[in-house]
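Notes follow the structure.
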C-alpha cells in the first residue's frame, strides 16, 4: 500500500527498504526466545497444532520460517 501511495512500484520500494536495512521478511529472534514463546503457547494450548502456533506468533507480530 505504501508503494502505491508514494507512486513507486513495489519492487522499487522493497529494494530501497533493503538498502537502508529496514526490510526483513522474518523477525530477528534468537532460538531461546522462540523456544520460550513456543513453550508458553504449548502450556496454554497443549492440543493445538503448528498452524495455530504460527497464528499465535503472527498475532504477536512475529514472523518465522516454517522450517
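The test for being surrounded by 14 or more Cβ atoms within 10 Å (Cβ to Cβ), assigned to a helix (DSSP H, G or I) and either out of contact with any helix residue (DSSP H, G or I) (no Cβ under 6 Å at 6 or more places or on another chain) or at pLDDT 85 or above (or both) holds for residue 54.
Evaluate the following for residue 32: is it more than 15 Å from the chain's Cα centre (by Cα), in a loop (DSSP other than H, G, I, E, B) and at pLDDT 90 or above? Steps first, answer last, please.
Working: more than 15 Å from the chain's Cα centre (by Cα): yes; in a loop (DSSP other than H, G, I, E, B): no; at pLDDT 90 or above: yes.
So residue 32 does not fit the description; no.
Where the second residue is exposed (fewer than 10 other Cβ atoms within 10 Å of the Cβ) and the first is within 12 Å of residue 65 (Cα to Cα) and lies in segment 22-34, which pairs have Cβ atoms under 8 Å and are six or more apart or on separate chains? Once the first residue is within 12 Å of residue 65 (Cα to Cα) and sits in segment 22-34, its partners that are exposed (fewer than 10 other Cβ atoms within 10 Å of the Cβ) give 26/65; 27/61. Exactly one residue out of 38, 64, 22 is assigned to a helix (DSSP H, G or I) and either modelled with pLDDT under 85 or within 16 Å of the chain's Cα centre (by Cα) (or both): that is 38.
The values are calculated or read from the model by the stated rules, or taken from the named source; none is laboratory data. The model shown is predicted, which means the values in this text are computed figures rather than measured ones. Backbone-built Cβ (ideal geometry, glycine too); neighbour counts: all protein chains shown.
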